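Everything below concerns the one structure shown next.
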Amino acid sequence: MSRETFVKSCEVELINHFNREQVNLISHIITKTLSDYEITKRCTDLIAYDDRNEKLIRRYRACLMVEGRSEKTVAQYVRTIQKLTDTLNNKLLTDVDAYDVRYFLAMEMERGVSDRTRENTRSYISAFFQWMVNDDVIKSNPVARLKPIKFADEIRKPFSDIEIDALRFACKSRKERALVEVLLSTGVRVSELSSMLTTDIDMNMMTVHVVHGKGSKERMTYITPVAVKHLKAYLNERAENGSSLFYNKNHEPLNSGGIRVILNTIAKRANVEDVHPHRFRRTFATNLSKRGMEIQEIQKLLGHTNINTTMVYVAIDETKVATSYRRFTA
């Protein structure tokens, strides 16, 4: 491919995003810069099948599992790396450079992927290449040369008291009400709730033993008398005698997807938007903070390793901030 052909191809793409004057300026800059480079078109001819990428990805997946990462996390990492190889026409991962990763992230932007998601993607890819560095597969991490992608912080609000009342009122079965109350009072992750057993909850002591926490870490959290009341009512009426805490209508343990379906159904009845398991967790943390619980104690209940993560979960009430300011400056 000649330099002229390359520049013309660039102009065709640029004209969809810039006016003619801007395209001419950019074209001039590209032409000037290319004077020091040779252009070679990537060969797309059929070659013999090479499974080295697949072997590397399988090996990486096994290492993540050994580290105790959740299946969901492992799947996300693997899916990202596989998408990278697909975009790069199965280029050997050991040969991928910073330009390749930058190109992949640019293609993600073309697909309409948000900046926040692209930054997460960049982080996943960086972790993979750093693993290869640590295992002496490659000498350096190509993603280290790429700057983090900036994104606007989204204000993720907890449920208001009115929304919580609406969700409670919209529950049509003891199971639905018990599910809502357990999420509100324990702050557990949806994956933790779906794997919870009846023996993990001490109704008398009102404690919850979270056995299958993120990163296989166990912790203790607590449950309110109101949640215990509704949970007992559900357990006493259900047909299943199994050890799982919640079951679906097919008498199978309720998984994360099933929990989301139930919450979506309740949300439609209550006319409350953005109802998902993680918002219950955020509400749990925020309400405890409002009532004066120390952030370190909330961190322990949520099972966070880093207190900065906990800070993100706690929505600061501006009214409370204003009141505190006046109290401390009076």
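The values are calculated or read from the model by the stated rules, or taken from the named source; none is laboratory data. Just so it is clear, the model here is predicted, and its values are computed rather than measured. Cβ: placed from backbone, ideal geometry, glycine included. Neighbour counts: every protein chain shown.
At-a-glance table
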quantity: Count of residues meeting criterion [assigned to a strand (DSSP E or B) and either in contact (Cβ under 8 Å) with a residue 60 or more places away in the chain or outside the structural domain of Tyr313 (by TED's automatic domain parsing) (or both)] in the stretch 181-230; calculated: 4
quantity: Members of the stretch 102-134 found to be touching a residue at least 24 places away in the same chain (Cβ under 8 Å), closer than 24 Å to Lys55 by Cβ and either of a type in the set (Val, Ile, Thr) or not in a helix (DSSP H, G or I) (or both), listed by number; calculated: Thr121, Ile125
quantity: Out of Lys83, Lys55, Lys91, sole residue that is loosely packed, with under 12 Cβ neighbours inside 10 Å and either under 29 Å from Lys217 (Cα atoms) or among the basic types (Lys, Arg) (or both); calculated: Lys55
quantity: Flag if Val208 is surrounded by fewer than 16 Cβ atoms within 10 Å (Cβ to Cβ), among the aliphatic types (A, V, I, L, M) and either on the phi < 0 side of the Ramachandran plot or out of contact with any Pro (no Cβ under 6 Å at 6 or more places or on another chain) (or both); calculated: no
quantity: So Arg52, is it modelled with pLDDT of 80 or more, out of contact with any His (no Cβ under 7 Å at 6 or more places or on another chain) and over 23 Å from Arg122 (Cβ atoms); calculated: yes
quantity: Single match in Arg177, Arg168 (criterion: closer than 23 Å to Ile223 by Cβ, free of Cβ contacts under 8 Å to residues at least 60 places away in the same chain, buried (at least 21 other Cβ atoms within 10 Å of the Cβ) and not hydroxyl-bearing (Ser, Thr, Tyr)); calculated: Arg177
quantity: Any hit, the stretch 227-238, residues being farther than 17 Å from Ser173 by Cβ and modelled with pLDDT under 95; calculated: no
quantity: Residues being aromatic (Phe, Trp, Tyr) and in contact with a Lys or Arg (Cβ under 7 Å, 6 or more places away or on another chain) - total across the stretch 18-39; calculated: 0
quantity: Candidate set from the stretch 6-35 (those that are assigned to a loop (DSSP other than H, G, I, E, B) and at pLDDT 75 or above); member that is farthest from Val78 (Cα to Cα); calculated: Asn19
